[in-house]
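All remarks here apply to the structure that follows.
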Amino acid sequence: MADPVFFNRAGPFPLHELASIASAEINGTNDKNTMFEDVAAIDNAGNGDVSFLDNKKYIEAFTKSNAGACIVHPDYVSRAPDGMVLLVTDKPYQAYAKVAQAFYPVELFEAEISKNADIDKSATIGNGCRVESGVYIGAGATIGERVLIGHGSYIGPGVKVGDGCVLAPGVTVQYAVIGSGCILHPGVRIGQDGFSFAPGRPPEGHIKVPQLGRVIIGDMVEIGANTTVDRGAGPDTIIGDGTKIDNLVQIGHNVEIGMGCFIAGLAGISGSTKVGNFVMLGGQSGFAGHINIGDGAQIAAQSGVMRDVEPGARLVGAPAIPHREFFRQVAVLSKLVKTKKGP
């Protein structure tokens, strides 16, 4: 059960409503009006809770679970303990996400413009917005409808923020155009200088190259805490619709990221790299500049990518190579270093 100090729970919900939310079929009972109080992890759920099974590593816990209902794939129905109600679907994790959202919906905020916010007279703020204390909104900025801007955030001159966005406390946005329905978590920095210098020695030293581009962010993008997105040097830095970016990610200037990508924490993408649609980048993965990552590619955690990646490729290692080749090399190396038995 989520701590009620921090989370407000809706419900209870009848089984038939949960099945509709999850787009799942009911198995194990004829009583579709049974009420459920909450969602819970499979190993500590009780009779009034709904849980889920998506990873086969937890099948044993599933067989011993006390959950009243469980969202499962058809392949695992036969492993359910006696008395458990099942919500059967081909996509149990997505179904659980929808059910959990029903129990813990996004809280609506009260529209209010704080008297302690510093808003330029030429800025435009749409209906239903909440602008909290310590916020700065610069000249000519445009804020859409139903936008939340948290305490102490900075919205630079000319910035555009689309409808329904949430900017957490302590966010900085400059030289940027942001679509609708985006979420920026605390400490996100959008639109600062890219790292660009013309190298040189004294007396001139390294000469800074002006960064004259913007950051263009599509709709329904989510950016995790303390992630930074540099503005372009001339062309823009672009993040496509529906892309989800974890905490502590660095995205360099002129980078283009397609739609529907997942980028895990501590990944770093160097300038002018192009990432296709529906690409998955593992944690701490790094990318050289000026390369292309094809649609649907998957890059494992801590991989170092130094050249173009074909669409659909799965790479591991530093330097990154195809995953089958990587694990063959690991197996061969393991055999080579084994200590011989006996004298």
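The values are calculated or read from the model by the stated rules, or taken from the named source; none is laboratory data. Model, not experiment: these values are computed from the prediction. Positions of Cβ are generated from backbone atoms using ideal geometry, with glycine treated the same way; all protein chains shown enter the neighbour counts.
So the values come out like this:
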item: Contacts under 7 angstrom Cβ, first residue in the range 242-263 being assigned to a loop (DSSP other than H, G, I, E, B), partner buried (at least 18 other Cβ atoms within 10 Å of the Cβ) and among the aromatic types (Phe, Trp, Tyr), 6 or more apart; result: 260/278; 261/278
item: Criterion: crowded, with 18+ Cβ neighbours inside 10 Å, at pLDDT 95 or above and within 24 Å of residue 215 (Cα to Cα) - qualifying residue of 185, 151; result: 185
item: Only one of 283, 271 that is in contact (Cβ under 8 Å) with a residue 24 or more places away in the chain, assigned to a loop (DSSP other than H, G, I, E, B) and within 25 Å of residue 196 (Cβ to Cβ); result: 271
item: Top-ranked residue in the range 1-53 [being among the polar types (S, T, N, Q) and in a strand (DSSP E or B); ranked as surrounded by the fewest Cβ atoms within 10 Å (Cβ to Cβ)]; result: 27
item: Extreme residue, nearest to residue 165 (Cα to Cα), among residues of the range 115-130 that are touching a strand residue (DSSP E or B) at 6+ places or on another chain (Cβ under 9 Å) and part of a loop (DSSP other than H, G, I, E, B); result: 129
item: Residue satisfying condition, being of a type outside the set (D, E, K, R) and in contact with an Asp or Glu (Cβ under 6 Å, 6 or more places away or on another chain), within set 28, 48; result: 48
item: Single unsatisfied condition, residue 93 versus (1) outside any loop (DSSP other than H, G, I, E, B); (2) without any contact (Cβ under 8 Å) to a residue 40 or more places away in the chain; result: (2)
item: Residue within the range 301-323 that is more than 29 Å from residue 183 (Cα to Cα), out of contact with any helix residue (DSSP H, G or I) (no Cβ under 9 Å at 6 or more places or on another chain) and free of Cβ contacts under 8 Å to residues at least 12 places away in the same chain present; result: yes
item: First in the range 325-343 and assigned by TED's automatic domain parsing to the domain that holds residue 314, second anywhere and modelled with pLDDT under 85 and assigned to a helix (DSSP H, G or I), Cβ under 9 Å, 6 or more apart; result: none
item: Only one of 320, 331 that is of a type in the set (Gly, Ala, Ser), over 25 Å from residue 254 (Cα atoms) and over 23 Å from the mean Cα position of the chain (by Cα); result: 331
item: Residue satisfying condition, being touching a residue at least 24 places away in the same chain (Cβ under 8 Å), in a loop (DSSP other than H, G, I, E, B) and of a type outside the set (Phe, Trp, Tyr), within set 213, 205, 200, 191; result: 213
item: Cβ pairs under 8 Å, 6+ apart, first in the range 1-18 and farther than 17 Å from residue 46 by Cα and without any contact (Cβ under 8 Å) to a residue 24 or more places away in the chain, second surrounded by 11 or more Cβ atoms within 10 Å (Cβ to Cβ) and basic (Lys, Arg); result: 16/32
item: Filter result for residue 72 (in contact with an Asp or Glu (Cβ under 6 Å, 6 or more places away or on another chain) and among the β-branched types (Val, Ile, Thr)); result: no
item: Failed criterion for residue 66 (all others in (1) touching a Pro at 6+ places or on another chain (Cβ under 9 Å); (2) part of a strand (DSSP E or B) hold); result: (2)
item: Among (1) within 22 Å of residue 47 (Cβ to Cβ); (2) touching a helix residue (DSSP H, G or I) at 6+ places or on another chain (Cβ under 8 Å) - the single one residue 73 does not satisfy; result: (1)
item: Qualifying residue in the range 93-106 (condition: exposed (fewer than 14 other Cβ atoms within 10 Å of the Cβ), of a type in the set (Val, Ile, Thr), within 29 Å of the chain's Cα centre (by Cα) and at negative phi); result: yes
item: Candidate set from the range 151-192 (those that are hydroxyl-bearing (Ser, Thr, Tyr) and more than 15 Å from residue 117 (Cα to Cα)); member that is farthest from the chain's Cα centre (by Cα); result: 175
item: Count - residues of the range 163-178 that are on the phi < 0 side of the Ramachandran plot, surrounded by 22 or more Cβ atoms within 10 Å (Cβ to Cβ) and not aliphatic (A, V, I, L, M); result: 1
item: Check on residue 110, assigned to a loop (DSSP other than H, G, I, E, B) and in contact with an Asp or Glu (Cβ under 6 Å, 6 or more places away or on another chain); result: no
